[in-house]
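Read the structure below first, then the notes.
The values are calculated or read from the model by the stated rules, or taken from the named source; none is laboratory data. Here the structure is a predicted model, which is why all the values come from computation and not from measurement. Heads up, the Cβs are rebuilt from the backbone with ideal geometry, glycines too, and the neighbour counts pull from every protein chain shown.
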Amino acid sequence: MPYAERGPFHVAMREWLRDLRPPEATSAIGVITKKSYRDYKAYVLEAGQLLGFPKPSTVTLEQMRLLESRFRGSEGTVSIKASIFRQFLRSTGNRDAFRWRIKAKQGAPCKTRIWMHERQVAQARMEAQKMGITMELLYTLAVDMGLRAVDCQRLTLKNAEDFLLYGRSIIRGKGRNGGKLAEQFFSDMARDPLIRYMNEREKWVAETGVDYDLLLVRKVRTHRKLVPIDYQTDIREPTEILSEACGFMLHYHDCRATFGNRLFKRGYSIEIIAKLMRHDNPDVTFKRYIGADQDTMRNAMDSLCPGASVQQLGIRQTF
């Protein structure tokens, strides 16, 4: 280890990263991914270099604010870098880091997000069924229940049993230390795919002879071992294949956004949708997940035309 990397800054950084992803971690469950690990390290090192690698607990609020003007990248990139470095400083007990209000704003994550209309939802469902029971289950968990990819990765057999018996279960969502616990309601649309998947999973367990833990969604490796699914190879790449089959670009998280948008179009309140999506703040639900799709914007514009129908104007007849 180079002598320059033995100072308090580098020592604190290594300890912080080790907490986020221990060396013995073999998956992304309960820890950050390898890519996030590399990104976090690069952002902290960039900030440290700009500041001269001081002792983290001594960095002042003025220095933190100055960093925002010295970080390279767009406003969104600067916001991310500053947020990660602030998180690092807070872990070292730096009090000023808790007072640091980052001015740079992240770009709206939904600018390129799509909200599928009902025909596209049905089309994607048929294509997902053709890709096998795992993809069919993952698709319905997202588009019919609003689950994230990490939610699906952390579902357990107990969750599946609760869903089928009681229509709800306490699941682990995103967050550190294994994820945040929250109640998740079950959709009848997912009942048949879930039952068929569990039957298929029992066959995999019988074939491999080993079931290492109680995670629900698994895959069989070539050497006959049942292992957790991986985001890149088992969720992201199949979703890209699904997009090609459907003829429109679709990311897995778009299915979750579509879930919220579909409920909004059916007249449910933002508060109800936020609860179903497990958001603490309904503003997040509206700004990032509901959105205004092209059909809604077109109807709004057409409502100004002479002779627009009552339905277009959104006026209820009371006579």
Consider residue 14 carefully, then state whether it is without any contact (Cβ under 8 Å) to a residue 12 or more places away in the chain and more than 22 Å from the chain's Cα centre (by Cα). yes
Given the conditions (1) surrounded by fewer than 14 Cβ atoms within 10 Å (Cβ to Cβ); (2) at pLDDT below 95, which single one is not true for residue 166? (2)
Which numbered condition residue 144 fails, given (1) modelled with pLDDT under 95; (2) of a type in the set (D, E, K, R); (3) in contact with a helix residue (DSSP H, G or I) (Cβ under 6 Å, 6 or more places away or on another chain): (1)
Go over the candidates 250, 304 one by one and state the one that is modelled with pLDDT under 85, among the aliphatic types (A, V, I, L, M) and assigned to a loop (DSSP other than H, G, I, E, B). 304
Quick one: is residue 56 under 29 Å from residue 179 (Cβ atoms), surrounded by 14 or more Cβ atoms within 10 Å (Cβ to Cβ) and either touching a Phe, Trp or Tyr at 6+ places or on another chain (Cβ under 9 Å) or of a type outside the set (Lys, Arg) (or both)? yes
Options 129, 49, 106; residue that is closer than 23 Å to residue 32 by Cβ, at pLDDT 90 or above, of a type in the set (S, T, N, Q) and surrounded by fewer than 16 Cβ atoms within 10 Å (Cβ to Cβ): 49
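Which of the residues spanning the range 59-70 are loosely packed, with under 15 Cβ neighbours inside 10 Å and among the β-branched types (Val, Ile, Thr)?
Of the residues in the range 59-70, the ones loosely packed, with under 15 Cβ neighbours inside 10 Å are 60, 62, 66, 69-70.
The one that is loosely packed, with under 15 Cβ neighbours inside 10 Å and among the β-branched types (Val, Ile, Thr): 60.
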Top-ranked residue in the range 195-242 [being surrounded by 13 or more Cβ atoms within 10 Å (Cβ to Cβ), hydroxyl-bearing (Ser, Thr, Tyr) and under 27 Å from the mean Cα position of the chain (by Cα); ranked as modelled with the lowest pLDDT]: 231
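For every residue, the table says whether it meets (1) at pLDDT 85 or above; (2) surrounded by fewer than 17 Cβ atoms within 10 Å (Cβ to Cβ).
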| site | (1), (2) |
| --- | --- |
| 28 | no, no |
| 35 | no, yes |
| 44 | yes, no |
| 85 | yes, no |
| 99 | yes, yes |
Residue check: is residue 49 part of a helix (DSSP H, G or I) and over 14 Å from residue 102 (Cβ atoms)? yes
If you check residue 128 against the conditions, is it in contact with a Phe, Trp or Tyr (Cβ under 7 Å, 6 or more places away or on another chain) and assigned by TED's automatic domain parsing to the domain that holds residue 258? yes
